[in-house]
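Structure, as C-alpha cells:
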Amino acid sequence: MTTFQVLNGLTFAALLFVVASGFTLIFGLLRIVNLAHGALYLIGGYIGYTVGVKSGSFLLAGMAAMAGVAFIGFVLDQGLLRFVRGNDLRQVLLTLGVAFVLNDMALVIWGGDSFTVPIPEPLRGAVTFFGIFYPKYRLFVLLVGIILFILLWLLLHKTRLGALIRAGVDDAEMVEASGVNIRMVFLFTFLLGSALAGLGGLMGGAFLSLYPSADAEILVFSLAVVIIGGRGSLAGVAVGSLLVGLLNTFGQVMFPELAYFVIFGPMAVLLAFRPLGLFGKAT
Amino acid sequence: MTQATRTLTIGAIAVAVAALLPLVLSTYQVGLATEVLIFGILAMSIDILAGFAGRTSLGHGAIFGVSTYVVIYLVSQGSSPVFALGMGILASAVVAAVFALLAVRTSGVYFLLLTLALGMIVWGICLRWTQVTGGENGLRGDIRPAILYDHKTFYWVVLAVTAVISFAIWRFVRSPFGLTLRGIRDSESRMRSLGYNVPLHLFIGFTVSGFFAGVAGGIYAFFNNFVSPSTVALAQSVEGLLMTIVGGVGTLFGSFVGAAAIITLENIVSSHTERWQTVLGITFILIMILAPEGLVGKVRALLGRVSRSKSSVS
C-alpha cells in the first residue's frame, strides 16, 4: 500500500472512531445496542448539509447536526426506550424499528439524491508533504478523530462524570446504591453518544457524501468496530476503528467489488478466540 | 387425542382449507397467498433459532436471498430449474454454516449483532459484485417453468411443498435434537455440564434453519422472477423476524399467521402510501412496546384472562 492509501485508511478510521465511540459508549453503559445509530449519522449529515448550505458556516453546521441528533436521541431514549428498559432484545429491536422510520423520514425530507456537505474554504484543496499531494479536509478529519479520542479519554478518566460512567459500565446498580442519580448519567451518555453520531454524519458527509443507504453502510462498519474492539471500551473503539479503516481501504484497493468481505476475515478470526472482542469484558 | 395428533389434524385441515382458497380468491389474492406461504417458511426457519434455541437472528433475510440469487442466476445461465433450486438451497445452507461457525459462541444481543453484520456483508457483496449479481439493478429472468405458469397451479405446488416443509420442521423441533436445542435455550450451562456439545448443536441447528430459509428463497425466485439487493437487505431479515414475532416466537405455525398479517398490512399500506418502511418501523416499535409475545400470544393471553374471569364468576 502506498502512503496515500494508508492515509485514506487512517482518515476513514478517524471517521469510524467518531461514529463508533458514540455507539460503544451507549452500548457499554446503558446496555443498549442502538441500531438507529446509523440513521442518526445520516440525519446528522443531512442537518449539517442543510445548515451548512444555508448559513455557509461549517462550525454552525456541526453544532446544528450535533444538537439536532442529540434531540432525536433524547426523544428516542425518554419517549420510547423507557418502555422496554431492562430487556436487551426488545431494546435492540425497538431501535431497529426507529432506524427504519428515521431512514424513511430522511428520504421524505431530503429525497434520494446524494449530497456532499460543503467544506469550508480554509480546508479545501490539498497539501504536499513527503512528496504526496493529499486533501486537506481528510487530514482535518484525522485531526478531529485524534482530538476526540483525547477529549473522551480525559472525560472518562479525569472527571467525576467520567468516573461515574466507567463505574456504571462495570456495575450500574452499585453506583446507584451509592447515592448517584445514574439515570442522569445514562441520559447524558445517550445524548453524548447520539451527538457523536451527528458529528460523524457531518464529517463523513463532506467526503463520503450522503445518500439513503449511507446509514446502513456506516452501521455495519460501526458494528464491526464494536465487535472487534469490545463493548464500552475507548481503547477498543480506537483499535477497532484503525483495523476496520485500514482493512477496508486495503480491500477496496485489492478487491474493489468484494471490499466488504475483507473486514469479515479479522472479525471471524477474532470471534473464534475472543467472543466479546479485544477489550470486551463479560458482565 | 394426544397433542401430536391434534396438531397434525389441525394442520391437515389448514392445508385443506388453504388448498380451496384459489377457488374463491382473485388472481392477485392468490399471488398474495403464495407469498404468505413462502414467507411463512422463512419465518418458521427464523423461529427454529429464536423459539427453540433462544437465538434471535437478523441475518436470515440474507440467507434467504442468497438462494434467490443463485436460482435466478443459474436458470438464466441455462441450468434446469430443479438443479438450480438444489444449488440455491445448498448455497443458503453453506452461507448459514459460515454464519453459524462465527455466531455459535455468542448469545443474546451479541448473536443478533453478529448475524446482522454478517447479513449486511452479504448485502454489500450483492450490491457491489456487479458482474454476477447485476448490482443495484439485480437479476431478472422469466425462470418459472411453463407447467407452473398458471398462478393457481403454482400456488398448489407451493402449498404442497410448504406442507411437507412444515411437517419436516415440526418433526425437527420435536426430535431429541430439537429437545436438546430447547435445553440449550433454557440453560446453556446445564446442558454443557450434562455433556452436550452446545456449539455443535447450535451449529447444526443454525445450518438446518438456513437450509429451510434457502427453500423459501428458492421458491421465491420462481415466484418473483426477479432479485435485487433489497431481497438480501436488512429489511428482509427484519420483516421475516417481525412475522415470527407477530405469529408468536416458539409457536412455529404462528409464522403463517404472522406472514399473513404483515403481507396484508404491506399491501394495504402500499396501496395508499409509499411509506411502507415507516409503517414497518412503527409496527416493530409498537409490537416491542405493547406485545413482544406476539399477536397470537397476546390474543391467547387475553382469551385466557376472559375465560379465567368467566370461570371465577361461575
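Each value in this text was obtained by applying a stated rule to the coordinates, not by laboratory testing. As the structure is a computational prediction, the values presented were derived from the model and not from experiment. Cβ: placed from backbone, ideal geometry, glycine included. Neighbour counts: every protein chain shown.
Rg and Dmax of the range A:1-150, based on Cα coordinates, read 17.6, 57 Å.
The Cα-based radius of gyration and maximum Cα-Cα distance (Dmax) for the protein assembly as shown are 24.8, 92 Å.
Result for chain A in a Gaussian network model with C-alpha springs under 10 Å: among A:Arg231, A:Arg90, A:Arg31, the largest mean-square fluctuation is at A:Arg90. Each peptide in B:81-92, B:147-158 gets a packing score, the mean of other Cβ atoms within 10 Å over its residues, and the list from highest to lowest is B:81-92, B:147-158.
For A:Leu81, neighbours were defined as the other residues whose beta-carbon sits under 13 Å from its Cβ, and their charges (Lys and Arg +1, Asp and Glu -1) total +3. Counts of other chain beta carbons within 10 angstrom of each beta carbon in peptide B:97-103 average 2.
Size of the dipole of the protein assembly as shown about the Cα centre, Lys and Arg at +1 and Asp and Glu at -1 on the beta carbon, nothing else charged, in debye to 20? Here the protein assembly as shown has a charge dipole of around 1280 debye.
Report, in degrees rounded to the nearest 10, the 0 to 90 angle that the Cα long axis of helix A:182-205 makes with the longest principal axis of chain A. Helix A:182-205 and the main axis of chain A meet at about 10 degrees. For chain A, the longest principal axis of the alpha carbon atoms and the long axis of helix A:58-75 meet at an angle near 30°. Oblate is the label for the range B:3-232, because a/c, from the alpha-carbon gyration tensor with a ≥ b ≥ c as root eigenvalues, is 1.5 or above and a/b does not exceed b/c. Peptide B:280-292 has a mean of 6 when you count, residue by residue, the C-beta atoms of other protein chains within 10 Å of its C-beta.
Each of B:Phe177, B:Ala33, B:Ser230 was scored by the projection of its Cα onto the charge dipole of the range B:3-232, and the greatest displacement toward the positive side belongs to B:Phe177; charges sit on the C-beta of Lys, Arg, Asp and Glu. Only one residue of A:Ser194, A:Ile146, A:Val127 has its Cα farthest out toward the positive end of the dipole of chain A, where Lys and Arg carry +1 and Asp and Glu -1 on Cβ, and that residue is A:Ile146. Remark: the range A:21-212 carries a charge dipole of roughly 280 debye about the Cα centre, counting +1 on each Lys and Arg Cβ and -1 on each Asp and Glu Cβ. Peptide A:26-38 has a mean of 1 when you count, residue by residue, the C-beta atoms of other protein chains within 10 Å of its C-beta.
The range A:30-107 and the range A:151-223 have their alpha-carbon centroids 12 Å apart.
Taking the mean number of other Cβ atoms within 10 Å as a proxy for protection, how do you rank A:214-225, A:50-61 from highest to lowest?
Working: A:214-225: 25.2, A:50-61: 16.6.
Ranking the peptides A:214-225, A:50-61 by packing returns A:214-225, A:50-61.
In terms of other Cβ atoms within 10 Å, A:Phe100, A:Phe71 run from fewest to most in the order A:Phe71, A:Phe100. Placing +1 on each Lys and Arg Cβ and -1 on each Asp and Glu Cβ, with no other charges, gives the range A:77-132 a dipole about its Cα centre of roughly 200 debye.
Normalised by the number of residues in chain B, the average gap of Cα pairs under 8 Å and 6 or more apart makes the relative contact order 32 percent.
Please give the peptides A:126-135, A:153-162 ranked by average Cβ packing (other Cβ atoms within 10 Å per residue), highest first, as a rough proxy for protection.
On the way: A:126-135: 10.8, A:153-162: 12.7.
Put in order of decreasing packing, that is A:153-162, A:126-135.
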